[in-house]
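To start, the structure under review is shown below, and the notes come after it.
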Amino acid sequence: MKKLTEQDSKYRNLEQMTTHDILTNMNREDKLVALAVAKVIPTIAALVDDIHPRMQAGGRLFYIGAGTSGRLGILDASECPPTFGVPHDLVVGLISGGDGAIRKAVEYAEDSVTAAYEDLLSHGVDERDTVIGIAASGTTPYVIGGLSACQDNGILTGSITCNPNVPILAVSDHSIVCEVGPEFITGSTRLKSGTAQKMILNMISTSVMIRLGRVLDNKMVDMQLSNQKLVIRGTHMIVEATGISEDEAKTILLEQGSVRSAVDFIRGRN
């Protein structure tokens with residue numbers, strides 16, 4: 001039996017559809033993704049609850065994947081430092097074929113069962129860390145080999161896949177199986193499967209960072225002030241929290257380097 005992600009699309013003769021019909025039907029399928037993700041929240045929560053104390057104790061979070069899955073892991077990891085003010089090596093995304101594969105596919109790179117763990121070792125992975133394998137198919141050798149080696153070395157593993165009863169489940173301490181069903185274009189897992197993976201990665205990294213204290217109330221108080229938009233946003237946060245003027249808030253923000261530090265400074269002088 002074909003894997004869910006390889007089953008034929010519910011739609012035929014796509015090339016004969018109008019643009020409006022293509023978009024409407026894609027949107028109809030996309031609406032199913034959030035419902036599928038909702039069903040696996042308990043599994044996501046269990047993984048986050050295992051990750052949190054490990055990161056509190058100095059562990060890191062790694063994502064490994066190939067193709068679209070690898071790129072999504074890198075995207076999520078790369079957004080953690082500017083959003084939450086954490087070091088760049090705290091959440092790390094690795095893709096089969098190396099960084100060059102982010103923009104251009106590297107042929108057969110995902111077929112190596114040893115490359116992922118070699119990539120992880122280059123970052124000094126150890127038993128304090130957590131490694132999450134991302135593979136819509138659930139059969140990617142790069143990911144399965146990496147997770148298997150991690151388990152052999154006492155490293156916590158998780159996986160995100162869109163197929164049940166696939167090999168990746170055997171090497172995952174926490175298996176997130178998000179069944180989104182057939183893709184709009186048969187087998188094109190950059191669509192619904194990719195959307196599901198992105199949503200789940202958002203949930204994992206955001207909830208971990210909240211648990212680690214990187215959000216106060218509902219604000220990104222540790223965000224990096226890397227452009228004027230974020231300086232303005234941070235200034236408004238400080239004004240809201242302390243009641244001082246915008247000009248004074250901006251000055252203190254730039255002096256202190258973060259919203260958290262600026263608010264602590266203002267409250268400390270009063």
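Based on the reciprocal of the average 1/r between different C-alpha atoms, the Kirkwood radius for the range 228-269 equals 9.6 Å. Segment Arg269..Asp50, full-extension length gain: 74.9 nm, with 0.36 nm per residue of separation and the alpha-carbon distance subtracted. Can you figure out the FRET efficiency of Asn202 with Ser261, using R₀ = 30 Å and their beta-carbon distance, to the nearest 0.05? Taking R0 as 30 Å, the efficiency between Asn202 and Ser261 is 0.70. Taking Glu15, Glu255, Glu179 as the candidate residues, the one with maximal mean-square fluctuation in a Gaussian network model of the chain, Cα springs under 10 Å, is Glu15.
In a simple Cβ point-charge model (Lys, Arg +1; Asp, Glu -1; nothing else charged), the chain has a dipole of about 620 debye relative to its Cα centre. Entry note, the chain: relative contact order of 22 percent, from Cα contacts under 8 Å with a spacing of 6+ residues.
Please say if the range 25-142 is rounded, prolate or oblate, where rounded means a/c under 1.5 for a ≥ b ≥ c the square roots of the C-alpha gyration tensor eigenvalues, and otherwise the choice is prolate for a/b larger than b/c and oblate otherwise? The shape class here is oblate. Bridgeable aspartates and glutamates around Lys3 (alpha carbons under 20 Å apart, same-chain partners fewer than 8 residues away excluded): Glu29, Asp30, Glu110, Asp111, Glu179, Glu183. In this structure, the residue pairs whose Cα-Cα separation is over 26 Å, taken from Lys2/Lys104; Lys192/Lys219; Lys39/Lys219; Lys104/Lys229; Lys31/Lys198; Lys31/Lys104, are Lys2/Lys104; Lys192/Lys219; Lys39/Lys219; Lys104/Lys229; Lys31/Lys104. Considering only the Cα atoms of the chain, their convex hull presents on average a projected area of 17.0 nm². Length gained on full extension, Arg211 to Ile232: 5.0 nm, using 0.36 nm per residue less the C-alpha separation.
Of the residues Thr206, Thr157, Ser96, the one whose Cα sits farthest toward the positive end of the charge dipole of the range 4-211, with +1 on the Cβ of Lys and Arg and -1 on the Cβ of Asp and Glu, is Thr206. Residue exposure proxy: Phe62, Phe265, ordered by other Cβ atoms within 10 angstrom of their Cβ from fewest to most, comes out as Phe265, Phe62. The Kirkwood hydrodynamic radius of the range 163-237, based on inverse pair distances between different Cα atoms, is 15.6 Å. The label point for Leu35 and the one for Gln16, both projected 7 Å from the Cα toward the Cβ, are 2.7 nm apart. Between Val239, Val125, Val215, the Gaussian network model of the chain with springs among Cα atoms under 10 angstrom shows the greatest mean-square fluctuation at Val239. A Förster radius of 45 Å combined with the Cβ-Cβ distance from Leu254 to Asp99 puts the calculated FRET efficiency at roughly 0.85. Comparing Asp126, Asp30, Asp152 in a Gaussian network model of the chain, where Cα atoms under 10 Å apart are tied by springs, the biggest mean-square fluctuation is seen for Asp152. Taking 7 Å steps out from each Cα toward its Cβ at Arg28 and Val113 produces label points 4.3 nm apart.
A short reminder: the numbers here are calculations on the coordinates, not readings from a lab. These numbers come from a predicted model, not from an experiment. Cβ atoms come from the backbone with ideal geometry, glycine included; neighbour counts cover every protein chain shown.
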